[in-house]
1. Among the residues of the stretch 232-279, write down those that are open to solvent by 50 Å² or more (accessible area, probe 1.4 Å) and either among the aromatic types (Phe, Trp, Tyr) or within 26 Å of GLU168 (Cβ to Cβ) (or both).
2. Inside the stretch 152-185, can you point out the residues that are open to solvent by less than 20 Å² (accessible area, probe 1.4 Å), more than 13 Å from ligand 1 (Cβ to nearest atom) and not in a helix (DSSP H, G or I)?
3. Considering the stretch 329-345 alone, what residues qualify as being over 20 Å from GLU151 (Cβ atoms) and over 17 Å from the mean Cα position of the chain (by Cα)?
4. Quick check on my filter: what residues within the stretch 84-98 are among the hydrophobic types (A, V, I, L, M, F, W, C) and buried (at least 22 other Cβ atoms within 10 Å of the Cβ)?
5. Have a look at ASP299, ASP238 and point out the one that is outside any helix (DSSP H, G or I) and at pLDDT 95 or above.
6. If you check ALA33 against the conditions, is it within 16 Å of ligand 1 (Cβ to nearest atom), of a type in the set (A, V, I, L, M), open to solvent by 20 Å² or more (accessible area, probe 1.4 Å) and under 19 Å from the mean Cα position of the chain (by Cα)?
7. Considering GLY38, GLY10, which residue is out of contact with any strand residue (DSSP E or B) (no Cβ under 8 Å at 6 or more places or on another chain) and open to solvent by 50 Å² or more (accessible area, probe 1.4 Å)?
8. Considering only the stretch 128-151, I want to know if a residue exists there that is among the small types (Gly, Ala, Ser), open to solvent by 10 Å² or more (accessible area, probe 1.4 Å), on the phi < 0 side of the Ramachandran plot and touching a residue at least 60 places away in the same chain (Cβ under 8 Å).
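The values are calculated or read from the model by the stated rules, or taken from the named source; none is laboratory data. Just so we're clear, the structure is a prediction, and the values are computed from it rather than from any experiment. Glycine also receives a Cβ, built like all others from the backbone with ideal geometry; neighbour counts cover every protein chain displayed. Keep in mind that these areas ignore ligands, DNA and RNA; they rest on the heavy atoms of the full protein, side chains included. Shrake-Rupley method; radii C 1.70, N 1.55, O 1.52, S 1.80 Å.
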Amino acid sequence: MKAARLHSAGIITVDEVDRPVAGPGDIVIKVRAASICGTDRRIAANGHFKLPEGTPRVLGHEFAGDIVSAGDEVSGYAVGDRVSVTPNVGCGRCASCLVGLNNMCPSYEAFGITMDGGFQEYVLIPRFAIERGNVFHLPDTVDYAEAALVEPLSCCYNAISKLGIGPETTVLVMGAGPIGACHVMLSKLYGAAKVIVSNNRQARLDFAGSVGADVLVNLGERELASVVAEETSGRGVDVALTCVSKPEVQAEAVDLLAMHGRVNFFAGLGKAQRVPVDTNRVHYQGLTMTGTTGSSNSDYAASLRLVGQGRLNLSPLVTETFTLDDIEKAMDYAGSGAGMKAMILFDSK
Ligand SMILES: [Zn+2]
Ligand SMILES: [Zn+2]
């Protein structure tokens, strides 16, 4: 079978490898769709602290497919089932895992980092990932590509569900890539009064507008602070989400909050750096600063339900499809900022 393997920084080749074989407690999934995430690009470029140098690794943590083999000891899953998989498998017994936060487990394993992921024709799902609840049956209404996108959606759900968005909330989404678009869709689903989106690419802003954003701010043309002042009668926004890896965006988000406003620092900054934030505003305006990373299996289950019920439509996020042989083109597209999501589709044979 074909597998796109990362050999060392920047070197991904499509190799012919043996098809994985399910042990008694494992399943093998024939991948049908796998989307490319910024995290895949970062790991491809810089490696990952959990990935030893010199170990070839199949990236890809947003994928869905069909079960094509299941060991004798597997229960609840059978050949032919349509499934998706969440990437982070918790240890099952640390303080985070015990409260259901497998995404915060300090000794997690992950598809696409410590285990081979979705950029290959068949992927082995070991017993411990099945037993810890990382394999989800797809509703009939959700196709494979959409199912792959439930993973990034669930990371946004993790952030949004804690920000107290309701019918009188004004939300500012800073950054209009696929993640920004998911935040727009979720904010509207939570009933936000107004969603403002900022970005410097008009095409991305237009996409955000097509999924429900009310105010589009092209940063090349308008100053964000003055638009926010205008749109909120000088109050500021109730909720801000930073979806750009820039320290100045994080600092600005705090400056733009209304009294009792909440910010979620969604995009990480990569290299650790300290950001000067106006803590006097945090104090006197009663602001709340939050951050989230990844999603728990519970966030994922909720997100999959929303998509399955047709309350969110992720399909428009797929703006270009590729075959596995074109993985490099797909990675480049994902990094170009030209469209939204690059999706690798596999044939059904
Ligand atoms: Zn991702
Ligand atoms: Zn754990």
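1. Result: SER233, GLY234, ARG235, GLU252, ASP255, MET259, HIS260, ARG262, ASP278.
2. Scanning the stretch 152-185 gives LEU163, ILE165, GLY166, THR169, THR170, VAL171, LEU172, VAL173, MET174, GLY175, ALA176.
3. First, pick out the residues of the stretch 329-345 that are over 20 Å from GLU151 (Cβ atoms): 329, 332, 336-338.
Scanning the stretch 329-345 gives LYS329, ASP332, SER336, ALA338.
4. Of all residues in the stretch 84-98, those among the hydrophobic types (A, V, I, L, M, F, W, C) come to 85, 89, 91, 94-95, 97-98.
Once the filter is applied, which keeps residues that are among the hydrophobic types (A, V, I, L, M, F, W, C) and buried (at least 22 other Cβ atoms within 10 Å of the Cβ), the stretch 84-98 yields VAL85, VAL89.
5. Numbers: ASP299 fails: outside any helix (DSSP H, G or I).
Sole residue among the options that is outside any helix (DSSP H, G or I) and at pLDDT 95 or above: ASP238.
6. no
7. Values: GLY38 fails: open to solvent by 50 Å² or more (accessible area, probe 1.4 Å).
Only one candidate qualifies: GLY10.
8. Of the stretch 128-151, the ones among the small types (Gly, Ala, Ser) are 129, 133, 145, 147-148.
Now drop any that are not open to solvent by 10 Å² or more (accessible area, probe 1.4 Å), which leaves 133, 145.
So of that shortlist, the ones also on the phi < 0 side of the Ramachandran plot come out as 145.
Filter once more, so that each one left must be touching a residue at least 60 places away in the same chain (Cβ under 8 Å): 145.
Among the residues of the stretch 128-151, at least one is among the small types (Gly, Ala, Ser), open to solvent by 10 Å² or more (accessible area, probe 1.4 Å), on the phi < 0 side of the Ramachandran plot and touching a residue at least 60 places away in the same chain (Cβ under 8 Å), which makes the answer yes.
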